[in-house]
Structures are given as structure tokens and as C-alpha cells.
Amino acid sequence: MNEEELRLIARVINAEARGESFIGKVAVGAVIVNRLRHPAFPKTVREVIFQCTNGIYEFTPVADGSINLEPDEDAFRAAELAVRGVDPTNGALFFYNPQTARDQWIRTLPVTVAIGNHVFAVNTVTNI
């Protein structure tokens with residue numbers, strides 16, 4: 001993983017998990033790494049993060065521009081741990097905040113763990 005890819009993961013962590021615990025930040029990074037390793041997702045960090053499905057970005061910060069905020073030190077540390085294989089999500093490929101998520105489909109996915117304000121999940125029906 002090069003420095004640019006690590007920085008991009010840190011930017012997503014910063015935007016998605018501001019205000020979450022450090023382990024919650026690592027968990028967001030782990031979802032990105034898990035997607036990189038899964039055959040149903042793109043094969044580069046940039047492609048995973050900027051993936052758009054049916055006109056909707058997979059990561060909200062891409063759509064709302066908050067991905068462009070400068071990541072803090074915790075976001076970088078969390079990204080480094082996720083890239084090294086630390087995965088508090090138990091293999092999750094998705095996450096959402098049940099208080100703000102509007103998508104009903106994501107609520108049907110089996111939950112692997114809840115950390116802070118996020119729920120982490122997998123899709124066992126289609127193996128994604």
C-alpha cells in the first residue's frame with residue numbers, strides 16, 4: 001500500500017468516523033480493506049472508495065465532499081492498523097449509522113458488530 005492510498009483511506013475514516021472511538025475508526029478502514037480483498041469489489045483503493053452503484057456512491061463522503069477534509073493523526077493511525085489487518089468488524093463489507101441511513105436494503109444485511117454509532121454487516125445471500 002503506497003502513501004497516497006493510505007492517505008485516501010485516512011480521508012474516508014476522517015469523514016465517516018469523526019467523533020467515533022479509535023476502534024470505530026479502525027473498523028471503517030477495515031471495511032475498505034475487506035472490500036479490496038473480496039472478489040465482488042474493485043481491486044484498487046481508489047476504485048473501492050469512489051465506487052458508484054446505480055448513481056449512488058458507496059461512501060457518503062465522496063458524494064458530499066467531506067472526503068476532501070484533511071485527516072487527523074488518529075485517522076492515519078487507524079488506516080495503518082486496518083491495512084496491517086486489524087479488523088474489529090469480523091470481516092464486514094458494509095457499515096451504516098442506523099440513526100441516519102435511509103437505504104432499507106442495508107438494514108436487511110446480517111450484522112457482524114456494532115461499534116459506536118455504526119453497524120457493520122456482510123451480505124451472505126450474494127457473498128458480498
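The values are calculated or read from the model by the stated rules, or taken from the named source; none is laboratory data. In this text, all values refer to a predicted model and were calculated from it rather than measured experimentally. With ideal geometry, Cβ positions are generated from the backbone for all residues, glycine too; neighbour counts draw on all protein chains shown.
Which of the residues spanning the range 1-56 are of a type in the set (S, T, N, Q), outside any loop (DSSP other than H, G, I, E, B) and exposed (fewer than 13 other Cβ atoms within 10 Å of the Cβ)?
Residue satisfying the conditions is Thr53 alone.
I want to confirm something. Restricting to the range 63-76 and keeping residues that are in contact (Cβ under 8 Å) with a residue 24 or more places away in the chain and not charged (D, E, K, R), which single residue is nearest to Ala17 (Cα to Cα)?
Filtering first and then ranking leaves Ala75.
Just name the residue that is surrounded by the most Cβ atoms within 10 Å (Cβ to Cβ) out of those in the range 57-95 that are out of contact with any strand residue (DSSP E or B) (no Cβ under 6 Å at 6 or more places or on another chain) and aromatic (Phe, Trp, Tyr).
Among residues in the range 57-95 that are out of contact with any strand residue (DSSP E or B) (no Cβ under 6 Å at 6 or more places or on another chain) and aromatic (Phe, Trp, Tyr), the one surrounded by the most Cβ atoms within 10 Å (Cβ to Cβ) is Phe59.
Which one of Ala40, Ala10, Ala15 is under 17 Å from Ala121 (Cβ atoms) and of a type in the set (A, V, I, L, M, F, W, C)?
Sole residue among the options that is under 17 Å from Ala121 (Cβ atoms) and of a type in the set (A, V, I, L, M, F, W, C): Ala40.
Conditions first: (1) at pLDDT 95 or above; (2) part of a helix (DSSP H, G or I). Pro71 passes all but one, so which condition is the exception?
For Pro71, the failing item is (2).
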